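Notes follow the structure.
The values are calculated or read from the model by the stated rules, or taken from the named source; none is laboratory data. This structure is a prediction, so every number in the text was calculated from the model and none was measured. Cβ atoms come from the backbone with ideal geometry, glycine included; neighbour counts cover every protein chain shown. Surface accessibility is based on the protein's heavy atoms, side chains included, excluding ligands, DNA and RNA. Shrake-Rupley method; radii C 1.70, N 1.55, O 1.52, S 1.80 Å.
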Amino acid sequence: MGGPIRVLHAVVNMNRGGAETLIMNLYRNMDRSKVQFDFLTCKPGAFDDEITEMGGRIHRIPYITDGGHRNYINHLDQFFKANSQYKIVHAHMDKMSGFVLRAAKKAGVPMRIAHSHNTQSEGGIAVKIYKSYAGSQISKASTHYLACSKVAAKWLFKSKASSSTILKNGIELNKFAFSQAIRDHVRAKLRIEKNTLAIGHIGRFNHQKNHIFLIDIFNELLKTVPNAVLILVGVGPLRSSIEEKVKGLNIENKVQFLGSRSDVELLLQAFDLFVFPSLHEGLPVTLVEAQASGLPCIISDNISNEVDMDINLIKYASNTNMSEWIKKIHEARKLKINRNINFKNLSDKGYDIQHSSEWTKEYYLAISR
């Protein structure tokens with residue numbers, strides 16, 4: 001018998017984004033005697049050390065922004081030509097996966113998986129045109145299609161969406177079980193008073209997450225709930241501009257920027273509400289995690305109802321109506337929520353990582369035969 005199947009995951013980097021968190025959740029719970037993960041990346045990431053500790057190999061090539069289109073394509077071609085050992089490539093770069101999978105096909109990689117994690121591309125007009133061209137290669141170069149939700153499949157795969165399979169964004173449910181002791185400890189560390197309303201948000205500081213609107217919502221809320229605080233977890237290119245907006249509104253003492261964190265399951269215990277006004281999403285891992293911790297969530301109506309775990313914690317609001325958000329926040333803070341969640345609903349819906357990792361292992365083994 002040989003060693004495990006080595007699956008090559010293509011990402012820009014392995015930082016703490018939603019897709020990367022899913023990959024790591026799967027990796028940690030994978031039977032690594034059967035399936036091992038390797039990574040084709042372009043930049044260093046927060047998970048790199050853990051990957052190598054678990055036996056994963058990290059390959060790195062320059063990204064488009066480092067050397068231009070032709071340089072990136074050449075590096076992809078050279079990489080797959082030099083690494084013919086890979087029989088399965090699993091690309092997580094949404095439309096940009098098209099270039100990766102095209103190079104893999106050219107090099108004769110037999111199994112090429114495109115995985116959709118979103119429902120819209122980021123960037124200006126020129127960037128979106130470029131990504132659209134990259135995305136047009138997916139149907140020509142992929143052999144298999146995965147998506148986090150039905151809407152994500154329809155966006156990236158279009159007419160091929162019916163051929164796709166939904167891989168649920170599973171999490172380690174028990175890690176998110178509510179604990180009053182943990183809540184008290186974390187709130188003390190964050191200097192959140194007992195009667196303070198702690199509103200949380202976890203997400204990269206980019207256009208998609210709509211932090212500007214989130215700050216406007218919070219600033220308006222302070223007029224009626226002056227003892228509220230906003231906790232922002234994440235990194236990204238727009239963080240400095242959001243910090244400037246907070247300073248301009250003179251609410252710096254009400255907003256905490258925590259940066260990238262590895263203890264999200266603990267931070268969620270400290271929050272009273274989770275507010276998530278994204279412009280678009282595939283199916284956010286953070287919303288599955290928030291519900292597992294028993295946290296009421298007020299989210300944008302742009303997000304698919306596939307994210308609702310049917311445990312009465314999700315309420316929708318329109319990004320065109322701030323007063324609706326304020327009203328939903330007031331309603332949620334008056335509720336007496338039992339945060340000790342029965343995980344059966346999440347497990348039955350397929351969001352237990354044990355189910356997801358077992359399914360993924362069998363999927364890789366099946367397509368490799």
Self-check item: Residue among N250, L222, S132 farthest towards the positive dipole end of segment 122-268, charges placed on Cβ
Solution: S132
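Rounded, prolate or oblate, given the Cα gyration tensor of segment 208-367, with a/c below 1.5 counting as rounded? Mind showing how you got there, number by number?
Numbers: a/c = 1.99, a/b = 1.60, b/c = 1.25.
The shape class here is prolate.
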Exercise. Just check segment 160-247 against the gyration tensor rule for me: Cα atoms, a ≥ b ≥ c as the square roots of the eigenvalues, rounded for a/c under 1.5, and otherwise prolate or oblate depending on whether a/b exceeds b/c.
Key: oblate
Quiz item: What is the list of residues in segment 87-111 whose amide nitrogen lies under 19 Å from a point 7 angstrom out from the Cα of Y130, following Cα to Cβ?
Solution: 92-103
Quiz item: Hey, of (1) 53, 22, 17; (2) 48, 23, 16; (3) 36, 23, 19, which did the structure itself give for semi-axes √(5λ) of the Cα gyration tensor in Å when calculated?
Solution: (3)
Quiz item: Mind listing the phi-derived Karplus ³J(HN,Hα) values for segment 201-214, rounded to whole Hz, using 6.51, -1.76 and 1.60 with θ = phi - 60°, and x for any glycine or proline?
Solution: 8, 10, x, 5, 7, 9, 4, 4, 7, 6, 5, 4, 5, 4
Exercise. Provide the per-residue ³J(HN,Hα) series for segment 139-144, in order, calculated from phi with Karplus coefficients 6.51, -1.76, 1.60 and θ = phi - 60°, each as a whole number of Hz, with x at glycine and proline positions.
Key: 5, 7, 10, 8, 9, 9
Self-check item: Built amide H within the under 5 Å cut-off of H9, gap 5+
Solution: D38, F39, L40, H90
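Could you do me a favour and compute the accessible area per residue for segment 222-369, 1.4 Å probe, result in Å²? Numbers along the way, then the final one.
Working: 6450 Å² over 148 residues.
On a per-residue basis, 44 Å².
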Quiz item: Charges only on Cβ, +1 for Lys and Arg, -1 for Asp and Glu: so what's the dipole of the chain about the Cα centre, in debye to the nearest 20?
Solution: 760
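Sort 238-247, 2-11, 266-275, 90-99 for me by packing, meaning the mean count of neighbouring Cβ atoms within 10 Å per residue, highest on top. List each step's numbers first, then the result.
Values: 238-247: 14.9, 2-11: 18.7, 266-275: 22.7, 90-99: 24.3.
Result, highest mean first: 90-99, 266-275, 2-11, 238-247.
Rounded, prolate or oblate: which one fits segment 65-190, using the alpha carbon gyration tensor with axes a ≥ b ≥ c (rounded when a/c is under 1.5, else prolate when a/b beats b/c, else oblate)?
Working: a/c = 1.91, a/b = 1.84, b/c = 1.04.
The shape class here is prolate.
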Quiz item: Hey, can you rank 167-175, 29-37 by average C-beta count inside 10 Å, highest first?
Solution: 167-175, 29-37
Exercise. Provide the packing ranking of 136-147, 17-28, i.e. peptides ordered by the mean count of other C-beta atoms within 10 Å per residue, highest first.
Key: 17-28, 136-147
Quiz item: Could you give the length gained on full extension between S323 and K43, defined as 0.36 nm per residue of separation minus the Cα-Cα distance, in nm?
Solution: 96.7 nm
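Ignoring any ligand, DNA or RNA, what whole percent of the accessible area of segment 242-285 comes from carbon and sulfur when the probe is 1.4 angstrom? If you can, show how the numbers build up before the last one.
On the way: 650 of 1540 Å².
Carbon-and-sulfur percentage of accessible area, whole number: 42.
Quote the relative contact order of the chain in percent (integer), defining contacts as alpha-carbon pairs under 8 Å separated by 6+ residues. Each step should come with its number before you reach the end.
On the way: 679 pairs, mean separation 59.8, N = 369.
Relative contact order here is 16 percent.
Taking only protein heavy atoms into account and a 1.4 Å probe, give the accessible area per residue of segment 77-183 in Å².
Numbers: 4720 Å² over 107 residues.
Ligands and nucleic acids excluded, the figure is 44 Å² per residue.
Taking the Cβ-Cβ separation of A366 and R28 as r and a Förster radius of 35 Å, what is the calculated FRET efficiency to the nearest 0.05?
Plugging the Cβ-Cβ distance into 1/(1 + (r/R0)^6) gives 0.95.
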Quiz prompt | Table column - 3J(HN,Hα) (Hz), segment 64-74, Karplus curve with 6.51, -1.76, 1.60, x for Gly and Pro | solution = 4, 5, 8, x, x, 4, 4, 4, 5, 4, 4
Quiz item: Could you state the number of Å between the C-alpha centres of segment 292-348 and segment 83-156?
Solution: 32
